[in-house]
Structure formats: structure tokens, C-alpha cells
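Presented below is the structure to which this report refers.
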Amino acid sequence: MLELQGVSKKYGDLVVLPGLDLSVGDGELFCLLGPSGCGKTTVLRIVAGFERPTAGRIVLGGKDVTDLPPYRRDVNTVFQGYALFPDRDVAGNVGYGLEVRGVAAAERRARVREVLAQVGLPGTEGRAISALSGGQRQRVALARALVNRPSLLLLDEPLSALDPVTAEETRRELVRLQGETGTTFVFVTHNQSEALSLSHRLGVMEKGCLRQAGPPREVYEHPADRFVAGFLGAANLLEGELVGRDAAGADLKLLGAYEARFERAGTAGVTASTPGDRVLLCLRPERMKVSILPPRPHENGLPGRLREEVFLGAATRYTLELASGRTITVDAQNYLRELSDGFWDDDDEVWAVWNRASGEVLRA
């Protein structure tokens with residue numbers, strides 16, 4: 001549905017996008033994820049036609065739209081601030097695009113009713129925008145974008161102003177609507193949980209570059225580099241050296257002192273190739289456990305001292321200080337903690353333990 005081919009954007013000497021290639025499939029919900037200032041909103045504005053690329057092509061549905069103005073692209077946008085008209089009621093806002101296109105009043109009313117029912121706001125046509133909650137305003141903005149039945153819908157952090165409960169409800173509604181309408185969604189966010197829970201595929205951006213793209217589980221569990229590993233969720237990145245590798249896995253020396261064995265069929269998950277290569281072992285905190293017992297033969301472990309525990313609701317996050325002085329974090333589900341080998345206190349000597357198949361070995 002959407003292709004960006006070598007798209008770059010400069011403002012004077014400032015390079016925002018050095019040259020971006022990106023493809024989004026027809027009917028896909030694609031999330032573009034990255035920190036503030038990485039260029040993701042610029043990408044959205046270029047696709048919508050509000051900005052012109054310095055170089056490159058925008059292809060929509062097989063048609064080059066690089067030089068077309070916004071109103072000639074089959075694209076609608078839901079803005080971060082919603083951009084609703086305060087002097088128009090709900091029906092006036094939702095039907096505005098149809099009105100501009102000259103759609104007859106009877107058809108306009110029917111389509112407004114239909115799309116308001118889709119977003120969960122039936123019977124609200126006559127309500128003032130000022131009388132709506134934040135979540136309702138977001139749904140009106142979504143209805144206004146969908147009523148024209150675009151091929152591509154762009155969403156610029158539309159959940160950022162909502163409280164957590166309303167945002168969660170709206171996330172589920174977005175997934176439902178996208179599935180029902182079959183419209184291609186491109187969703188821009190800096191919120192990792194939104195990207196993981198919403199998307200069919202996601203792309204992680206840094207400094208105008210697409211670092212990795214793929215299904216959420218794949219990108220989360222198999223990050224391509226240090227930035228992706230550290231940005232998409234919490235990660236322990238342990239420096240080390242590749243000692244050797246064989247058909248079953250790889251031998252590592254971590255933090256200059258600790259031996260570890262990494263095992264996965266065909267050494268998948270090891271991007272370093274030569275013994276002596278500097279590596280990073282990426283370990284997600286939820287793939288580790290705290291134990292008073294040393295690791296068993298099929299496990300790896302690092303000894304440390306418990307320095308902090310933070311209650312997170314469903315889990316508890318433990319911070320362990322290693323002999324080197326650096327710290328690592330371990331997340332334990334609280335119901336499993338009750339079944340484990342006990343509870344711990346600050347300053348207790350414990351082990352951070354993980355399965356040999358866990359993690360990803362990255363070239364440093």
C-alpha cells in the first residue's frame with residue numbers, strides 16, 4: 001500500500017531523514033516507534049503531503065504521489081491534538097470532509113451515523129465538542145478521518161493525551177476498527193507498549209534511520225543492535241567476548257570474568273562470528289530469576305547483592321549489584337515468587353539466573 005523510496009528531508013544544514021526506505025502492506029497496522037526527535041512525525045507529514053521530501057519518492061497504492069498536494073492523496077490523518085472545530089457539533093466535525101467534497105446532505109448524514117456507530121458514539125451527532133471527554137474527542141477525530149474511507153490512515157500519537165484506562169480501551173477499539181474496515185494504518189508513537197500491543201509490524205527509528213522492522217515479538221526477542229534492545233523494553237546489556245562457537249551454541253566470557261554458555265539451534269541469535277569478537281549479551285529482565293542457589297547445568301548465572309526491589313503490581317523488579325559495581329535488573333512475577341526459593345532482603349547475596357537459550361548475542 002505504501003512505499004518510501006530513499007526519502008530524505010533537510011532543513012538547511014539539519015538532516016532529519018538521511019534516506020529512508022520503508023514498505024507497509026495493504027491492510028496492515030504498522031507502528032513507527034522511536035524517541036522524540038527521531039524523525040517519525042516528519043515521515044508522517046511527508047506521507048500526508050504536509051511536507052515535501054528533499055529527495056526520494058512516496059508511492060501509494062502503486063501510484064507516485066510525491067508531488068501531489070494532501071487533498072489529492074487517498075490519505076487521512078488523526079493528529080495528536082485532534083484539531084477538532086470547536087464551533088461545530090459532532091456531526092459537523094465528522095462530516096466536514098464529506099461536505100468539502102460535495103457529498104449530498106442525506107448521504108452525508110447516513111455516513112456520519114454509520115461511522116459514529118463504528119467508533120462507539122452512536123446518537124452523539126448533535127453534541128458540542130466542549131461537552132465531550134478526551135476519549136470521546138479522540139473517537140470523533142478518528143470518525144472524521146474514517147468517514148471518507150481512505151486507503152491509508154495516519155495516526156500521530158493519538159493516545160498520548162489520554163489517561164491509562166481510556167488509552168487501553170482506545171487501543172482495543174483501534175485494533176477492532178482496523179480489522180473491520182481493512183484500512184491500512186500507520187501509527188506513530190514513542191510508547192513501546194502501544195507499539196507492541198497494536199501492530200502487525202513495527203519499525204524502530206533512531207536519528208532518521210530505520211534500525212529494524214518486523215513483527216513485534218520478533219523485534220522484541222531478537223533485536224538487531226544495542227539501540228533496538230535498549231529502546232524496546234527493558235534490557236540488561238552485558239559486555240563480553242566470544243570465546244568459541246559450535247553447532248549447538250557459543251561460549252562467552254561476560255564482564256571480563258564470568259563464563260556463560262549460549263545454546264540455540266544453529267547458533268541463531270549470535271551475530272558475532274569470530275572468537276575474540278566483543279559482544280553484548282541482551283537479556284530481558286523477565287527472562288531471568290533471582291535465586292539463593294547457583295545456576296544448574298542448563299543455566300547461566302551471575303552472583304550479586306540485592307540492592308533494591310520495586311513493586312510493579314503483577315511483578316517485582318529487583319536490582320542486583322555485581323562484584324564489578326555494575327547493576328542488572330530482574331523482573332519476577334509475584335505469584336511465581338511465592339512458589340520460589342524464598343523472599344529476599346536488601347543486601348542479601350543472591351544469583352541472577354537465566355536459561356542458556358535466553359537472550360541474544362549481539363556484536364558490540
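Nothing in this text is a laboratory measurement; each read-out follows from the coordinates by a stated rule. Small disclaimer: the values here were computed from a predicted structure and weren't measured. Heads up, the Cβs are rebuilt from the backbone with ideal geometry, glycines too, and the neighbour counts pull from every protein chain shown.
Report for the chain the percent antiparallel among DSSP-assigned beta bridges with both residues inside it, nearest 5. Among the beta bridges of the chain, antiparallel pairing accounts for roughly 80 percent. If R0 equals 22 Å, the separation of the Cβ atoms of ALA106 and LYS63 corresponds to a calculated FRET efficiency of about 0.10.
In terms of other Cβ atoms within 10 Å, MET288, MET1 run from fewest to most in the order MET1, MET288.
Here is the size of the chain from its Cα atoms: Rg then Dmax, 24.7, 76 Å.
Relative contact order for the chain: what percent, with Cα pairs under 8 Å and sequence separation of 6 or more?
RCO, the chain: 15 percent.
Partners of LYS207 within straight-line reach, counting lysines whose Cα lies under 16 Å from its Cα and excluding those fewer than 8 residues away in the same chain: LYS9, LYS10, LYS40. Working from label points 7 Å from Cα in the Cα-to-Cβ sense, the THR181 to ASP87 distance is 2.7 nm. For every helix of n ≥ 4 consecutive DSSP H residues, a contribution of -39,500 (n - 2.57) applies; sum these over the chain, divide by its total residues, and give [θ] at 222 nm rounded to the nearest 500 deg cm²/dmol. Result for the chain, helices only: -6500 deg cm²/dmol.
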